[in-house]
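Quick note: the coordinates plus some simple rules give every number you see, no bench work behind them. On a predicted model such as this, the values are computed, not experimentally measured, just so you know. Every residue, glycine among them, receives a Cβ derived from its backbone with ideal geometry; neighbour counts consider all protein chains shown.
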Amino acid sequence: MPFLALFAAILLLGIADSMVNSYIVLFGADVAGLTPLQIGVWSSVFAIGGITIGWWLGRLFDRRPARTYAIVVILLGSAGYLLLPRVSSFPVLLVMAATALGAMGAAFPQLFALARAVLGDGALGRRSAPLLRSAWSLAWAVGPLLGALVLSRGGYPGLLWTAAGVFLVCALTVLVVPRPGAAPAAASAPGEVPVLLTVSVTLFFTAMFAGGVALPLFVTRALHQQAASVGVLYSVCAAVEVVATLGLAAVPARVSQRAVILGGFAALAGYFALTVVSSGMLMLVLGQVLRGVGIAIVGAAGIRYFQDLLAPAAGRATTLFANASTAGLLVSGILSGVAVEHAGYRTTLLLCAVTAALGAVAFGLGSRCQDGSRDLEEAPGVR
């Protein structure tokens, strides 16, 4: 069944991705001997490489849908992580980040574009996005723990080689997915997603990633909780995210996707507000419930919204959404570091809440303009 093959491929991709990215910074510092500045530059090149390659392949996919793009970038990533333990030269690491390793950033949107092309634009195709996104959430719930186990026994080489093997199995799994049909004629000139919608997604993920930097410091240093409590909080978030993502597939089609996504923005802003006033684990856990719901809604329903908006250009739509989230990661690192150092933990978390709220405003305005344009196009006599 195509859906099961896609689910397995995304699950494997997420497990390998989470195994690597949970510890890649430590690898850079402990094994490659990179300075904090070099690690920051390396991470930025990773992101820029993924954005560039992903955008290029997204356009190729819409012209000629194929499994080949996903398979190639996953195999490149597998080869890159197989070689990585033997590399310590900073210039070589940068080249690898911009090419083989950065290409992995295109794998996620390519698999979701492939799912839309194979499963179609009907009810199954539209409901597949939340279900497939739950595989990614599940992978990130177990991948870091699996990575820690491998790291404790095989060190960084064992971790990276294991992840390379999982990537290889993922690429082989994609071969089980049926070949997509020819691109629809309309795919050559789709309408562009409004800038406000893209900005809104970037703001959402900027707030999410920046909060991820501030939260562990706030919990351990301001609230004096044990370091292990941070892991508990993230585990709660991951579990809620899986359940909420699966629940999205059951939401009736008559329910406004715009309202659902705005609810996701509100949930993330509410998480930050609740965390700031927390004094113990109970309120922190309740905040993680809101965080999990918000990430699930925007992460899954957002992909579907962009795909519907740019249909049938699933490649460009999914890549644009994924690149907006990566841009949020790029922006968040520097901003969160500066905010924590100069404004403190609570103020940083409040700024994250404001950023999420601004994202909601941008999405509300952008989606209203888009809906208004669509209504005008569908009006009798309008061409």
If you take the charge dipole of the chain about its Cα centre, with +1 on Lys and Arg Cβ and -1 on Asp and Glu Cβ, which of Thr318, Leu284, Ala97 is farthest toward its positive end?
Thr318
Per-selection metrics, the stretch 189-378 (Cα): Rg and Dmax in Å:
17.0, 58
For the stretch 168-278, what is the Kirkwood hydrodynamic radius in Å, using each pair of distinct C-alpha atoms?
18.1 Å
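So what's the stretch 305-356 giving for Rg/Rh, alpha carbon basis, Kirkwood Rh from the mean inverse pair distance? Spell out each step's value before the answer.
Details: Rg = 15.5 Å, Rh = 12.7 Å.
Ratio of gyration radius to Kirkwood radius for the stretch 305-356: 1.21.
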The residues Arg116, Arg254, Arg63, sorted from fewest to most surrounding Cβ atoms within 10 Å, come out as Arg254, Arg63, Arg116
Using unit Cβ charges (K, R positive; D, E negative) and no other charged atoms, how large, in debye to the nearest 20, is the dipole of the chain about its Cα centre?
420 debye
So for the stretch 2-183, taking the charge dipole from beta-carbon charges (+1 Lys/Arg, -1 Asp/Glu), which of Leu82, Ser44, Val169 sits furthest toward the positive end?
Val169
Per residue and in Å³, how big is the convex hull formed by the alpha-carbon atoms of the stretch 47-100?
61 Å³
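At 37 °C and a viscosity of 0.692 mPa s, what translational diffusion coefficient does Stokes-Einstein give for the stretch 2-183, taking Rh as the Kirkwood radius over Cα pairs? Give it in µm²/s as a whole number.
On the way: Rh = 16.6 Å.
The diffusion coefficient I find is 198 µm²/s.
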Could you give me the radius of gyration and the Dmax of the stretch 332-373, taking only the C-alpha atoms into account and expressing both in angstrom?
14.3, 44
Output the relative contact order of the stretch 2-183, whole-number percent, from Cα pairs under 8 angstrom with separation of 6+ residues.
46 percent
Only four residue types carry charge here, +1 at the Cβ of Lys and Arg and -1 at the Cβ of Asp and Glu. Report the dipole size of the stretch 189-378 about the Cα centre in Debye, rounded to the nearest 20.
340 debye
Relative to the compact globular guide of 2.2 N^0.38 Å, what is the alpha carbon radius of gyration of the stretch 100-189, as a ratio?
1.35
Karplus couplings for the stretch 96-106 from phi (6.51 cos²θ - 1.76 cosθ + 1.60, θ = phi - 60°), rounded to Hz, Gly and Pro as x?
5, 5, 7, 10, 4, 6, x, 4, 4, x, 7
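Please state the relative contact order of the chain as a whole percent: Cα pairs under 8 Å, 6+ residues apart?
Working: 593 pairs, mean separation 99.4, N = 383.
Relative CO of the chain lands at 26 percent.
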Whole angstrom only: what separates the Cα centroid of the stretch 96-155 from the Cα centroid of the stretch 222-252?
18 Å
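Taking neighbour counts of Cβ atoms within 10 Å as a proxy for exposure, in what order, fewest first, do Arg258, Arg221 appear?
Numbers: Arg258 17, Arg221 10.
Ascending Cβ contact count within 10 Å gives the list Arg221, Arg258.
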Order of Met104, Met96, Met19 under a 10 Å beta carbon neighbour criterion, fewest first
Met96, Met104, Met19
Two decimals is fine: what's Rg over Rh for the stretch 253-335, C-alpha atoms, Kirkwood radius as Rh?
1.07
Quick one: pull the percentage of alpha-carbon pairs in the chain with a separation above 41 Å.
10 percent
